[in-house]
Amino acid sequence: MNYFLFLIVAVAYNIRKFLKSKERILNDLHESNETRRNTILSHFYWVFVVELFLGSLVAVWLSEEDKFLGGIITITGIFIVVSILSFFIYQAFIKWVARHIDSSVTSSFTRYMVKEFRVYFAVAFLPILLYSGMIQAFQDDMGTGFWGLEAIGHILVISVLSITCTVILMMKLLPNCAVTEPEYLSIINRRLIESNLSYVRVRWIEAEFKNAFVVGINFPFFKNQTMFIGRSLRRTLNEEEFDAVICHELAHIKQGHMAKRIVSLGWHALRVALGTLAAVMSAILGGMLIFGIEVGFYSGSVITPVVMNFILLSFIISYLLFFDAIRSQEYEADAIAVLEFGCTISALESALRKLTAIDNPYVKQKKRSKIREFFSTHPTLEQRIEMLEKKLRENLPYNYYVSPYQKFGTVLFSLLKFRYLGTATILFCVGAFYTLIELREFSENRYHLVQATIEELKENEYLNNHVNDRPLFGHSNLYYVMTRKDRGLIDHYLARGADPEKVLFYLEKFNDQEMFADYIFKLSPSLDDEAFMSAVSELMKQKPSSEIIARVKAHSRYQNRFVDREEGNRFPASVTSTQLDDE
């Protein structure tokens, strides 16, 4: 029902949006040639697809079927299904346009979209599907090995297989053909001979694809590197600009950038593995140092979120470095195209400007945001030309590149100069002095808590007001109350705000089943269902006596939860009636 509702909303929204600009759209379509007309209609189609796709994901989430979103393959599959469904729905709009403009619009748009589907699937989805499919197929055999190196080795092998298979399948899926035009063939062959890359295949993409790219790998015993060029480049670029694009792509092949990207992917996997290992080890050691016996109590609320955020941060940083390595290859390819192959900067700049231009009145040319720049595989045109001119002016090597992260490191290192280091040292000393005072005060209070009698503990004003507090290191104040195992003392501080869950946590650690059971029942009204059933579960792990088990089963809180489960409601995962029956 949710899917159908979102479909109706998406269709209604697009109809309303179209009616607002109906006259303008029809006028633009009337005045455009076939290629530009199909580009405009394709834009509206993909907007509709994205809106419906996002609506479908929301519908899945609302249906509590988020388990189906647990993989790239599944999400990609949903997008493909939505794209096909949207195409058939969109045909109604195309037929309406054909009645107002030209009857050939329908067949022309269908042919255009079939080619576009093939291009997008081969270029965008195919590598993702192949890589994800192979990862899933081999995941049972991907052991951790020595420091995770076995898994990293699997990833590198799968990457090579994905790239190899991608080229083979692209040749079948992409609407492509050999380059036969003499004027373009002479440019390509001349550059292939000059660069000693005569084995590279060059193919036209028979679609409106304003780009060129290289795929494949180069091994001594196996070479399948292929350059695909969008046929529309013939119409967009002059011969000099076309030559500059060919030089840029051949520079990628000559420098082995595809193999280097596989290595970068391996480094990415290694960085994530080491970051995960560091996060887990730090959590274990730091948790024991900071929380001591209470580490289990804080594992879910503090330690686990910190570890997960640290792993996510290491993953993001690793990806930033991966994309930065790819951008450095673009700078290097630009330099080789100009400095070694001899194309002019003006021709390369003009070609790049034309390739990045948007020939669609309904799409605004937006300036790339800083965040998008960090996750982009290509630098901006201005950055590329600026770097190229710098290399020419200062006679720098092809691969010269100072990344933003290196600049950040330089700035950070400059802060270590004496004037900054002196200020930092003073601030550190002030902080250390304050921390020592706090630790000394806590040590004095802790000594008193350990040495005091039960009556003195009840009358301790500091403890009465700060029973749940804990220092940066060591146990909380409540710990020194609980170690006395005195019911009167425990009740005294429960009346003054002691945390009931912490009280049960300490009692569970002290292995006093009778007292633990008594306080579970006593504190039951102040616990939520999950906390109560979790405490019962911990009690069952201690193999209590049959009398205690009978008390648990007879307790109204347990009875209510058991009845709810029999009626089909969700029962807490922490304990089940089977556990109690087994006991």
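Each value in this text was obtained by applying a stated rule to the coordinates, not by laboratory testing. Bear in mind that the values here come from a model prediction, so they are computed numbers and not experimental data. Note: ideal-geometry Cβ built from the backbone for every residue, glycine included; neighbour counts use all protein chains shown.
In this calculation the C-beta distance from Lys522 to Thr453 is compared with R0 = 30 Å, giving a FRET efficiency of 0.75.
Using a 7 Å offset from the Cα along the Cα-to-Cβ direction at both Lys509 and Thr304, what is the distance between the two label points in nm, to one decimal? For the pair Lys509/Thr304, the computed spacing is 1.9 nm. Once the Cβ-Cβ distance of Glu530 and Ser376 is raised to the sixth power relative to R0 = 56 Å, the FRET efficiency obtained is 0.80.
Test of understanding: what is the full-extension gain from Lys354 to Glu501, defined as 0.36 nm times their sequence separation minus their Cα-Cα distance?
Full extension from Lys354 to Glu501 adds 46.3 nm.
With a point put 7 Å past each Cα toward its Cβ, work out how far Tyr319 is from Glu194 in nm, to one decimal. Here the answer is 3.9 nm between the modelled labels. A Förster radius of 35 Å combined with the Cβ-Cβ distance from Val114 to Thr236 puts the calculated FRET efficiency at roughly 0.95.
Gain on full extension, evaluated as 0.36 nm per residue between Lys260 and Arg487 minus their Cα-Cα distance, stands at 75.0 nm. Of the DSSP beta bridges with both residues in segment 194-280, give the percent that are antiparallel, rounding to the nearest 5. Around 55 percent of the beta bridges assigned by DSSP in segment 194-280 are antiparallel ones. Each of Thr425, Ile490, Tyr519 was scored by the projection of its Cα onto the charge dipole of segment 424-538, and the greatest displacement toward the positive side belongs to Thr425; charges sit on the C-beta of Lys, Arg, Asp and Glu.
Tell me the volume per residue, in Å³, of the convex hull enclosing the alpha carbons of segment 497-555.
73
Here each label is just a point 7 Å from Cα along the line to Cβ, and for Lys367 and Asp28 those points are 2.4 nm apart.
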